[in-house]
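K.L.:
Here's a structure for you.
All of the numbers you see were taken from the coordinates with simple rules; none came from a lab. The shown structure was predicted, so the numbers you read here are calculated from the model rather than taken from an experiment. Every residue, glycine as well, gets a Cβ built from its backbone with ideal geometry; the counts of neighbours run over all protein chains shown.
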Amino acid sequence: MDPIWLLALLPLAVLSGWLAASRTRPQAQRPVISGRISESYYRSINFLANDQHDQALDVLAKALEDHGESMEIQLALGSLFRRRGEIERATQIHQSLIARPGLSSDQKSEVLFELASDYFKAGLLDRAENLLLELGAGDGFRESALRLLVQIYESEKEWERAIAAGSQLDRLTAETWGPVIAQYYCELGERDLNAGDYEGAKLRSDDALKLNRKCARAVILGGRLDALAGRHCQAVEAWGRLGDDHPERLHEVARLVQTSSENMGEPEIYAEFLNRAVEASSDERLQLLLVDYFSKQGRTEDAEAQLLTWVEENASLSGLHCLLEIRVDRELGAASERDYQLVRKVTGKLLADRTGYECRFCGFQGKSLHWQCPGCRHWDTTVPRLPNIKLS
Ligand SMILES: [Zn+2]
């Protein structure tokens, strides 16, 4: 038999082995849910549930005929229904399980967690939250419950509660939650800022920096608050420091630096920032801003020279497109004019298809910056997606 087929049949073989074994096992000796043997059986069912829903359902339906009262099978079936999107059937199974008399406290916790997961999947976040909060601090499901609570609080934008749950996970697990909790503080800070509470926003950005000294979002927020208070010099200094740890975020603050330097009546501060930023980052958008700055200052020759060097050295598509845009009004012969317009159209199209942001974790692509990736829900993983076509 083809080895690939053997691999595909392996989980079925494991499950049939378990079913055969459990048929011969006396009812009273059936393993408890938290037992070692049962755990490996449960994992093999879940393995099936992940990859082969229909087959898993057939096998479980058959198992139910012989072991209708088995809690493991009911739980696996409930989990399978939820994964298939049949939330109502999953909920019915878990509700009937929780009503069973004589459940051990471990069993009760597991069913409560499953029921909360059903509610979460159905969008009944309040109900899910209430059940999860019932799981006590010393409970074996506490960590899973906290992880689900964090997802609920993020969905509801309940940032204070997300901070509390994240802090518990930081203490409970070996994971470092500081950078994520710093993002929650930034969310609160931005909320305060939008409500006009600049003092509150400042405290939040300080809290974020205490947890993650390198939190780019908190640095940007702190600078915005400085600028709002008229401390433009301080703001520009703070934004400039992003070049050390987060050169990929320099473009996010470039326009803020421009506004602050204009407010200070010193536009050259913006040019200095751009020059340093271009050295620190490979973000081509910063080069374009520098060229734009030269053009607006009436320094078209500087702008063109900067572009030519850049395009020659880096074979940059963005640079070439910008050069074509700058030279658009030059006189050309009819044939050259057609070619010129065609090349300009192609570079414009290629750039439009390739700019935006991309998640380093899951590859999600979007036109604007999301501090939390809409695809995988990770924080601070979205970076500029730069056109990297090399022409040579
Ligand atoms: Zn992602």
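K.L.:
With viscosity set to 0.890 mPa s and temperature to 25 °C, compute the Stokes-Einstein D of the stretch 168-302, Rh being the Kirkwood radius across alpha carbon pairs; µm²/s, no decimals.
P.N.:
Working: Rh = 15.8 Å.
The Stokes-Einstein estimate is 155 µm²/s.
K.L.:
If you don't mind, another one. Would you calculate the separation in nanometres between label points at Arg147 and Leu133, each defined as 7 Å from the Cα along the Cα-to-beta-carbon direction?
P.N.:
If labels sit at Arg147 and Leu133, their model points lie 2.3 nm apart.
K.L.:
Please give the contour-minus-distance gain from Cys233 to Tyr340: 0.36 nm per residue of separation, less the Cα-Cα distance, rounded to one decimal in nm. Walk me through the numbers before you get to the answer.
P.N.:
On the way: separation 107, 0.36 × 107 = 38.52 nm, distance 4.39 nm.
Net length gain for the segment: 34.1 nm.
K.L.:
Report the extension gain between Tyr198 and Asp245 in nm, rounded to one decimal, defined as 0.36 nm multiplied by the number of residues separating them, less their alpha carbon distance. Can you show the working numbers first?
P.N.:
Working: separation 47, 0.36 × 47 = 16.92 nm, distance 2.57 nm.
Working it through step by step, the gained length comes to 14.3 nm.
K.L.:
Quick check: residue separation of Leu369 and Thr259 times 0.36 nm, minus the Cα distance between them. What number comes out in nm?
P.N.:
Numbers: separation 110, 0.36 × 110 = 39.60 nm, distance 2.03 nm.
Contour length minus the Cα-Cα distance gives 37.6 nm.
K.L.:
Based on other C-beta atoms within 10 Å, arrange Leu369, Leu286, Leu169 from fewest to most.
P.N.:
Details: Leu369 14, Leu286 22, Leu169 18.
By the 10 Å Cβ count, ascending: Leu369, Leu169, Leu286.
K.L.:
Follow-up. Got a sec? How would Ser205, Ser316 order by Cβ neighbour count within 10 Å, fewest to most?
P.N.:
Working: Ser205 28, Ser316 23.
By the 10 Å Cβ count, ascending, the order reads Ser316, Ser205.
K.L.:
Another question about this same structure. Kindly put Trp310, Trp371 in sequence by how many other C-beta atoms sit within 10 Å of each C-beta, fewest to most. Numbers along the way, then the final one.
P.N.:
Values: Trp310 22, Trp371 14.
Starting with the residue having the fewest Cβ neighbours, the order is Trp371, Trp310.
K.L.:
Glu175 versus Arg276, label points 7 Å from Cα toward the beta carbon: distance in nm?
P.N.:
That separation, rounded to one decimal, is 3.6 nm.
K.L.:
Sticking with this structure for a sec: May I ask you to give the average projected area over all directions of the convex hull of the Cα atoms of the stretch 250-300, in nm² rounded to one decimal? If you can, show how the numbers build up before the last one.
P.N.:
On the way: hull surface 12.7 nm².
For the Cα atoms of the stretch 250-300, the hull's average projected area reads 3.2 nm².
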